[in-house]
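Below is one structure; the comments refer to it alone.
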Amino acid sequence: MADIADTSTVRRASGKDADTRTPVSGGVLTPLAGISARQWHALSTRAAEPNGYYLPDWELAVNASAQGRGNATALGAWRDASTLIGLVPVISMWRAYRIPLPALVSADPYGTLSTPLLDADMAEEAVAGILRRARRAGARALILRATSLDGAAMKAFADVLHRGGMQPLVLQSHVRACLDATGDVDALLREALGAKKLKELRRQRNRLAEHGAIQFDVARTPTEVTAAIETFLVLEASGWKGQRGTALSQDDGDATFIRRATSALAETGQCEIVTLRAGETPVAAAIVLRHQDRAFYFKLGVDERFAKFSPGVQLTLELTQHLCADPAIATVDSTASPDHPMINPIWRGRLAIGDVLIPLRRNDPVVALIRAALALRDAIRKPARRMVHLIRKRQERSA
């Protein structure tokens, strides 16, 4: 199967997302929807490092309808015709960065994590297969965006490259909040927030309870999740995300994606939607993905009419207790921005995340050109990003 897939000709993407200006050939790349769902599911159960955003039910829903994120292709590795051992969805460098150079870039899965799925028992073999496929597609580099820097997947890439006299190049990195869900939750929150802050949050919760008894609901089944996602979408669109035009329900494709993905993942117990209510009124809701022993805090929506009671923080405290009480969960990735003003003080663990350039040939001058082009692009865009970040930070504080 691997040899057949390597030499088969696949249909190129069409329409506005077509990679018509990239020098990377599509001839050995498989459309993402062409990957066997059964094999993909099996790989996800054996993955060396969890990534809820590259679960097949999530990523296929993103690829099918999410705005600007369709028509991805797959860099895959197979042990034999029936065993997929490695997978990373990719797009061209032109599409990712508007840079017409021969590189492939991990596709945006709508969540801020693109760590490839590698079979835990054959991780290095999987990496070698992925890199071989990328070279045969005409790429000179593979760029993994927003990937875990200290996990098993990056170690496997580094080890394979080292044997070839190469090394991965970290283009940019940051740390973001995570939760160690194996400890005592009360001790964790006391250490993180302190007695004074916890007292203030209890006071706010009591004030919120004046609007009705506080309930924390967890939707798990497909029927429950189908109903809860509508509550989430309304809450998210009611706040600053709706004002900015980035709420999921404001684009038909995004709304279709999230409904499909959450329902499908609920079928396998890999999605929960948590809702905080004051009486019958939902005041905050969040989507949580689960993969192996890790959970992923995807998005939060709040009713800003209750902002003075910190509904987002109150929901996060309930979620922290919920996940710490679950023996199946060891770590929770906030998937939040660095220095996030709400989650960082509560979850004090940190995950190192970065964009990594993987060279495909030793001493390749094109890799230096790719790196320089990305650095120039970043230098041009950095001031604008800084301004956007400041604006969003103010909005998040007020949420």
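The values are calculated or read from the model by the stated rules, or taken from the named source; none is laboratory data. Just so we're clear, the structure is a prediction, and the values are computed from it rather than from any experiment. With ideal geometry, Cβ positions are generated from the backbone for all residues, glycine too; neighbour counts draw on all protein chains shown. The accessibility values were calculated without ligands, DNA or RNA, using every heavy atom of the protein model including side chains. Shrake-Rupley method; radii C 1.70, N 1.55, O 1.52, S 1.80 Å.
Residues that are open to solvent by less than 40 Å² (accessible area, probe 1.4 Å), assigned to a helix (DSSP H, G or I) and within 19 Å of G349 (Cβ to Cβ) within region 158-186 comprise just one, V185. In region 275-340, counting only strands (runs of 3 or more DSSP E) that sit wholly within it, none holds 3 or more residues that are open to solvent by 30 Å² or more (accessible area, probe 1.4 Å) and among the hydroxyl-bearing types (S, T, Y).
With among the basic types (K, R), over 22 Å from L357 (Cα atoms) and free of Cβ contacts under 8 Å to residues at least 12 places away in the same chain as the only criterion, which of R38, R79 stands out?
Testing whether each residue is among the basic types (K, R), over 22 Å from L357 (Cα atoms) and free of Cβ contacts under 8 Å to residues at least 12 places away in the same chain leaves just R38.
Only residues that are under 15 Å from A278 (Cα atoms), among the basic types (K, R) and outside any helix (DSSP H, G or I) were counted in region 193-224, giving 0.
For residues that are of a type in the set (G, A, S), open to solvent by less than 10 Å² (accessible area, probe 1.4 Å) and within 23 Å of Q314 (Cα to Cα), tally how many sit in region 220-260. Spell out the reasoning first.
Start the filter on region 220-260 by keeping residues that are of a type in the set (G, A, S), which leaves 227-228, 237-239, 242, 245, 247, 249, 253, 255.
Still in the list and also open to solvent by less than 10 Å² (accessible area, probe 1.4 Å): 239, 247, 255.
Pick out the ones that are also within 23 Å of Q314 (Cα to Cα) and you get 239, 247.
Number of matching residues: 2.
Scanning region 341-353 for residues that are open to solvent by 40 Å² or more (accessible area, probe 1.4 Å), touching a helix residue (DSSP H, G or I) at 6+ places or on another chain (Cβ under 8 Å) and either within 15 Å of A181 (Cα to Cα) or among the β-branched types (V, I, T) (or both) returns a single hit, R348.
Condition check ((1) among the hydroxyl-bearing types (S, T, Y); (2) touching a Gly at 6+ places or on another chain (Cβ under 9 Å); (3) under 18 Å from G239 (Cα atoms)) across all residues:
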{"residue": "R294", "(1), (2), (3)": "no, yes, no"}
{"residue": "P311", "(1), (2), (3)": "no, no, yes"}
{"residue": "T320", "(1), (2), (3)": "yes, no, no"}
{"residue": "I346", "(1), (2), (3)": "no, no, no"}
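Do you know which residues across region 31-72 are in contact with a helix residue (DSSP H, G or I) (Cβ under 6 Å, 6 or more places away or on another chain) and farther than 18 Å from E267 by Cβ? The answer is L32, A48, E49, N63, S65, A66, Q67, R69, G70, N71, A72. Taking S106 as the residue in question, decide whether it is among the hydroxyl-bearing types (S, T, Y), at negative phi, crowded, with 24+ Cβ neighbours inside 10 Å and touching a residue at least 40 places away in the same chain (Cβ under 8 Å). Spelling it out, S106 is indeed among the hydroxyl-bearing types (S, T, Y), at negative phi, crowded, with 24+ Cβ neighbours inside 10 Å and touching a residue at least 40 places away in the same chain (Cβ under 8 Å). For region 187-199, the tally of residues that are in contact (Cβ under 8 Å) with a residue 24 or more places away in the chain, open to solvent by 70 Å² or more (accessible area, probe 1.4 Å) and among the hydrophobic types (A, V, I, L, M, F, W, C) stands at 0.
Could you check, for region 77-98, whether at least one of its residues is among the hydroxyl-bearing types (S, T, Y), open to solvent by 40 Å² or more (accessible area, probe 1.4 Å) and over 28 Å from S334 (Cβ atoms)? Yes: region 77-98 contains one or more residues that are among the hydroxyl-bearing types (S, T, Y), open to solvent by 40 Å² or more (accessible area, probe 1.4 Å) and over 28 Å from S334 (Cβ atoms).
Has region 357-377 got at least one residue that is surrounded by 14 or more Cβ atoms within 10 Å (Cβ to Cβ) and in contact with an Asp or Glu (Cβ under 6 Å, 6 or more places away or on another chain)? No: zero hits.
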